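The values are calculated or read from the model by the stated rules, or taken from the named source; none is laboratory data. Only a predicted model underlies this, so the values are computations on that prediction, with no experimental measurement involved. So basically every Cβ, Gly included, is an ideal-geometry build from the backbone, and we count neighbours across all protein chains shown. The protein model used for the area step is the full one, side chains on, heavy atoms only, and it has no ligands, DNA or RNA in it. Shrake-Rupley method; radii C 1.70, N 1.55, O 1.52, S 1.80 Å.
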Amino acid sequence: MNARIEAPSSAARPGPPLWLLLELTYRCPLHCVFCYNPTDFANTGQELGTDDWIRVLREARSLGAVQLGLSGGEPLAREDLEPIVAQAHTLGFYINLITSGIGMTEARIKALKYAGLDHIQLSFQDSTRELNDFLSSTRTFELKSQVAALIRKYDYPMVLNVVLHRLNIDHVGEILEMAERIGAQYVELANTQYYGWAWLNRDRLLPSREQLRRAEQTLQRFRARVGEKIKVFFVVPDYFETRPKACMNGLGSVFLTITPDGTALPCHAARMLPGLTFPNVREASVQAIWYDSQGFNHFRGDGWMKEPCRSCPEKTRDFGGCRCQAYLLTGDAANADPVCDLSPHHHLVTEAVERAAHSGAGSARKPNEKVLLFRDHRSSIPVTTLQPD
């Protein structure tokens, strides 16, 4: 059993949790190989009921939260999604539904519009039926296309999200053409972040540097052609950077997520971090969780930092990078994010990129190479067993 870690005394009192993410359920009809849900989510406790979610909304709003994301799993699996949205609207949140689209009907989108939903982000896995359905292990491409039409019909901004990886990054041109065809106003091409099921499948999903270069060139040509008609956001995979991202603008700074069973986390993947105690909204108020809990206070400030982060002038910009990534790659969440080329563990990232360069998407699988593992509600895989070769 991991020892409890005490919070560093140097952490300053934070501002309010401006960004609230409610992971309403881990239930999902899709089985995506890059899903960020925890790999042991089958062990998650009973989902919060409607009254608990509404209490969380009220408490978070009273602290100053303004931006609300509703995700999962698939949030449309919750029959009480509409009253949750209605309460959030009454409280003054800007509400974003993050969805695969599966479960959306005209009756539901009409009800969500009436309840006050502001924004829908629709995910596709690829521009082709074959790969879209393979990557999610479902037959959903046509359903997603129908939901895209409903989003336009009910006058929502058409926001398309596609997670990129080795198996679809060479289709960026076709994905952008699809986005134009379905009337997307915003497109997020988000290269896979390697947590959850994506971590388990990393060696089969990490693109090569050449693939990334070609995708960026394709994107630039598309932007030059469409101008401001479609705004495209391209999230580069961490592994190809030399400085880490300012993960969540620093843990416990602006972002609060509540998991289906009520566990409160400073980022959606933080439950994996050993030695931290994360409270549950069933037993504690949002105010007590945000300001007083050990799990939220530990990585605030810079008292927890080791070298080279502790004396680095960039620590106020990148906050040492991603704690979950540091833990997954090095076994110690307090280490410098290995993405940073100043980290003594940076070789773990460069070696992974080199392996990807020598194992193209079309290459035959080696006898000892792992196959893709699809998200499975029956699986319960502890994260400590997921160290890639």
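Odds and ends about this structure:
- Residue within segment 106-126 that is assigned to a loop (DSSP other than H, G, I, E, B), touching a helix residue (DSSP H, G or I) at 6+ places or on another chain (Cβ under 6 Å), polar (S, T, N, Q) and at pLDDT 95 or above present: yes
- If you check THR105, THR138 for being surrounded by fewer than 17 Cβ atoms within 10 Å (Cβ to Cβ) and not aliphatic (A, V, I, L, M), only one passes: THR105.
- Pairs meeting the criteria (first residue in segment 20-39 and closer than 30 Å to GLN287 by Cα and assigned to a loop (DSSP other than H, G, I, E, B), second residue modelled with pLDDT under 95 and of a type in the set (Val, Ile, Thr), beta carbons under 6 Å, at least 6 apart or on different chains) are TYR26/THR44; THR39/ILE381.
- On the stretch given as segment 68-85, residues that are crowded, with 17+ Cβ neighbours inside 10 Å and not in a helix (DSSP H, G or I) total 8.
- In segment 182-190 there is no residue that is assigned to a helix (DSSP H, G or I) and either out of contact with any Asp or Glu (no Cβ under 9 Å at 6 or more places or on another chain) or open to solvent by less than 20 Å² (accessible area, probe 1.4 Å) (or both).
- Members of segment 147-181 found to be part of a loop (DSSP other than H, G, I, E, B) and open to solvent by 20 Å² or more (accessible area, probe 1.4 Å), listed by number: TYR154, ASP155, PRO157, LEU167
- Selected residue (only one of ALA224, ALA198 is open to solvent by 10 Å² or more (accessible area, probe 1.4 Å) and either closer than 28 Å to ALA357 by Cβ or at pLDDT 95 or above (or both)): ALA224
- In segment 254-282, of all residues being assigned to a loop (DSSP other than H, G, I, E, B) and among the hydroxyl-bearing types (Ser, Thr, Tyr), the one that is modelled with the lowest pLDDT corresponds to THR277.
- Those residues of segment 193-230 which are of a type in the set (S, T, N, Q) and assigned to a helix (DSSP H, G or I), in sequence order: GLN211, GLN217, THR218, GLN220
- Test: residue in segment 371-378 that is under 23 Å from PHE319 (Cβ atoms), modelled with pLDDT of 65 or more, open to solvent by 50 Å² or more (accessible area, probe 1.4 Å) and out of contact with any Ser or Thr (no Cβ under 9 Å at 6 or more places or on another chain): no
- Residue count for segment 309-363 satisfying the condition of being over 26 Å from GLN211 (Cβ atoms) and hydrophobic (A, V, I, L, M, F, W, C): 7.
- Condition met for LEU122 (open to solvent by less than 10 Å² (accessible area, probe 1.4 Å), among the aliphatic types (A, V, I, L, M) and in contact with a Cys (Cβ under 7 Å, 6 or more places away or on another chain)): no
- LYS144 vs. criteria at pLDDT 95 or above, part of a helix (DSSP H, G or I) and touching a strand residue (DSSP E or B) at 6+ places or on another chain (Cβ under 6 Å): yes
- Segment 296-311, residues that are without any contact (Cβ under 8 Å) to a residue 24 or more places away in the chain and under 25 Å from the mean Cα position of the chain (by Cα): none
- Verdict on LYS144 being of a type outside the set (Val, Ile, Thr), over 23 Å from THR44 (Cβ atoms), open to solvent by less than 30 Å² (accessible area, probe 1.4 Å) and touching a residue at least 12 places away in the same chain (Cβ under 8 Å): yes
- Residue under evaluation PHE233, criteria (1) part of a strand (DSSP E or B); (2) of a type in the set (Phe, Trp, Tyr); (3) buried (at least 17 other Cβ atoms within 10 Å of the Cβ), criterion not met: (3)
- Reported count of residues in segment 90-105, each being polar (S, T, N, Q) and either within 24 Å of ASN37 (Cα to Cα) or in a strand (DSSP E or B) (or both), is 3.
- The residues of segment 10-37 that are open to solvent by 30 Å² or more (accessible area, probe 1.4 Å) and within 21 Å of TYR195 (Cα to Cα), listed by number, are TRP19, ARG27, CYS28, PRO29, HIS31, TYR36.
- When GLU47 is tested against (1) touching a Pro at 6+ places or on another chain (Cβ under 7 Å); (2) open to solvent by 40 Å² or more (accessible area, probe 1.4 Å); (3) within 29 Å of LYS153 (Cα to Cα), only condition (3) is not met.
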